[in-house]
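Report on the structure given below.
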Amino acid sequence: MRTLALVLALTAPVRAETLVRIWKRDITSEEVRRGHSAPLKYLSMTIEEIFAERYLRENQLEPTADQLNALRRKFGAGGSGQTMEWFVQRIARSFALHRSLWQKHGGRVVTSAFGPCMANDAFITELHALEKAGALRFSGGANLRHDLFRYLA
């Protein structure tokens, strides 16, 4: 965590340094600095969103309209608009992703008030496989890689 904080503190805002590249998408120091007050959390969420988009599409696991409508009805009383739609999409996509990863790899599952929400070990296994295949690179250095995997575990 200290490495990411140091990279963010020392990187000039004029030049956005690539910290992580997943497939063909760069996640820059400027994006992380702008995106969240907890950099590792933001970086983890961004990697998961990029990974989920491709994984769900390639494995035909996108949530159905019926599943999304059921969640909208369940959470509809709590809000409306773009934020609620983002929340519904995020919950449905995350559940589909992590259920599939857990079925493939097994391991620990983190739960929340909404039920099972993240197959930690399975997600880490997939990230290691992407890294081995060259689709995931940590330009921010070995300490950033270590800190991110420790955060995910």
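The values are calculated or read from the model by the stated rules, or taken from the named source; none is laboratory data. It should be emphasised that the depicted structure is a prediction, and the values quoted were computed from it without experimental measurement. Counting neighbours? That spans all protein chains shown, and the Cβs are built from the backbone with ideal geometry, glycine included. For the accessible areas, the whole protein counts, side chains as well, though only heavy atoms, and no ligand, DNA or RNA atoms are used. Shrake-Rupley method; radii C 1.70, N 1.55, O 1.52, S 1.80 Å.
Assorted remarks:
- Sparse packing (at most 15 other Cβ atoms within 10 Å of the Cβ) combined with a DSSP loop state is found for the following chymotrypsin sites (Phe, Trp or Tyr not before Pro) in the stretch 54-153: Phe114.
- Largest to smallest accessible area among Glu53, Glu31 [probe 1.4 Å]: Glu53, Glu31
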